[in-house]
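Inspection log for the structure reproduced underneath, given as structure tokens.
The values are calculated or read from the model by the stated rules, or taken from the named source; none is laboratory data. These figures come from a predicted structure and were not determined experimentally. Counting neighbours? That spans all protein chains shown, and the Cβs are built from the backbone with ideal geometry, glycine included.
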Amino acid sequence: MDRLDSMAILVRVAEAGSLTAAAKALRAPLPSVSRKIADLEAHLGAKLLTRSTRRLALTEAGEAYVRASRRILEQVEEAEQAAAGEFQTPRGELVITAPIVMGRLQVVPVLAEFLEAFPEISVRLHLSDRNADLVEAHIDVAIRLGALADSALTARRLGEVRRILCASPAYLARAGSPAAPEDLRGHALIVYDAPGAALPWRFGGDRVVDARARLTVNGAEAALDAAVAGAGITRILSYQAASALTEGRLTRVLAEFEPAPIPVHLLFDGRGPTPLKLRSFLDFAAPRLTGRLKEAYAGFAGT
């Protein structure tokens, strides 16, 4: 049995979702594809696929074996290119995840440059404020905010951001500017469902303010828009509000009470050789993201 060939077939079956679709993509007879999978399962002594009337699904063992197979096939391709003395061209698809607003404001511009520099790499970007498991979700690299849990993943620090309070000049002229966190109980507060943004709000020195939200929205962008419109005070990340503050549409309040800065990291599975496509992205994107975060953070450091 050619194990590399069987691995490649299994990966294609997993991607296609059926033996028939995989056979068509591989331009191979369906019985041959089915036999290769059966031989591989017999060799491993484990069931890799479960078959239903609608589609195939990977078993737990199958998911682990497909992940390993992808890494092995990429490494074999790179080794063959190097042995043949060929110029190594990064290629393939990268799956990247990032927080929604950071992805739109900071990551997408860098990705546009990256795709122009590496025409044989494609990117699937998933924006979400929920942290997905990189291994289970088949994600190559994540941009993460906050302290990282201990894991086997590799982290590369990009910079830091702050969690700030801001409101429109018109609102502050009307309602007054709070002098201490406790004064927020007498203000209209705008909150959204995200760690640190929902009430209660925590400040430096272990101060906690729990108050009633006047307006609750489902995302940072809506909270920012509401604050600019004069609906009240919101708590937002510094890079999200940077342009509105620079343009005078928002004013920062209670800066001296803000909690410690929040670190930002690139997170990826660094076990084993790093695929060329991922290595290219890390080397290209990390310094550019660091520069963008530093520029967005410049007006907030030291305050």
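Structure summary
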quantity: Residue within the range 207-219 that is modelled with pLDDT under 90 and crowded, with 16+ Cβ neighbours inside 10 Å present; calculated: yes
quantity: Strands (runs of 3 or more DSSP E) enclosed by the range 98-166 - at least 1 residues per element that are crowded, with 18+ Cβ neighbours inside 10 Å and on the phi > 0 side of the Ramachandran plot; calculated: 154-161
quantity: All strands (runs of 3 or more DSSP E) inside the range 214-293 with 1 or more residues being within 30 Å of Ser122 (Cα to Cα) and within 18 Å of the chain's Cα centre (by Cα); calculated: 233-237, 262-268
quantity: Residue within the range 124-137 that is at pLDDT 90 or above, among the polar types (S, T, N, Q) and farther than 11 Å from Leu267 by Cβ present; calculated: no
quantity: Scope the range 24-40; condition assigned to a helix (DSSP H, G or I), more than 15 Å from Ala68 (Cα to Cα) and at pLDDT 85 or above; matching residues; calculated: Leu30, Pro31, Ser32, Val33, Ser34, Arg35, Lys36, Ile37, Ala38, Asp39
quantity: So Val13, is it in a helix (DSSP H, G or I), within 27 Å of Asp133 (Cα to Cα) and at pLDDT 85 or above; calculated: yes
quantity: Within the range 243-272, tally of residues that are over 24 Å from Leu184 (Cα atoms) and either among the hydrophobic types (A, V, I, L, M, F, W, C) or surrounded by 16 or more Cβ atoms within 10 Å (Cβ to Cβ) (or both); calculated: 7
quantity: Checklist (1) at pLDDT 85 or above; (2) closer than 28 Å to Ser280 by Cβ applied to Glu78, failing item; calculated: (1)
quantity: Number of the exception - Phe268 against (1) of a type in the set (Phe, Trp, Tyr); (2) touching an Asp or Glu at 6+ places or on another chain (Cβ under 7 Å); (3) under 28 Å from Tyr171 (Cα atoms); calculated: (3)
